[in-house]
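These notes concern the structure reproduced below.
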Amino acid sequence: MRASNPSTPKVKSMRIAFSVLVALLVLSAALFAAPAKDDKSTPVYSMIYAVSDLPVWQKGKDGKECKPDILIMYLKATVDPTSWKKDSLRADTKSATIVISQTEANHRAIRCALNSFRDQDPREAQETYKRQ
């Protein structure tokens, strides 16, 4: 038997498919493992989060455009995944903000997640390194 070349398109597509499958399994495990909650027992608050300093920018037709889609998917997957409703998160790309309606505890987790991106931003590390 011949071993397949790991750089062939077929092998690459199989690796991508496997990665997507693993990600879906992890996400579904998180969704089903979370305990059920009574929506009426915990109050929900709306908060506006500025994300202009986070890596949510892509090149667009008119220069840089705010594209917080991956950040939004990350927040929904990691912060109490079962608590998100259809209208609990809205992105405003013109002002580079996201409006989130969640419980107080989930807002704390959201702030922590957003701050972790700010703390680990490689652009800041490079700038600090250049100044030394």
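At 0.36 nm per residue, minus the direct Cα-Cα distance, what do Asn115 and Met47 gain on full extension? Give it in nm, one decimal, please.
Additional length available on full extension: 23.0 nm.
Other residues with beta-carbon under 15 Å from the beta-carbon of Ser95 carry, at +1 per Lys or Arg and -1 per Asp or Glu, a net charge of +1.
Quick note: the coordinates plus some simple rules give every number you see, no bench work behind them. Please read these numbers as outputs of a predicted model, since none were measured by experiment. Please note: Cβ atoms are built from the backbone with ideal geometry, for glycine as well, and neighbour counts cover all protein chains shown.
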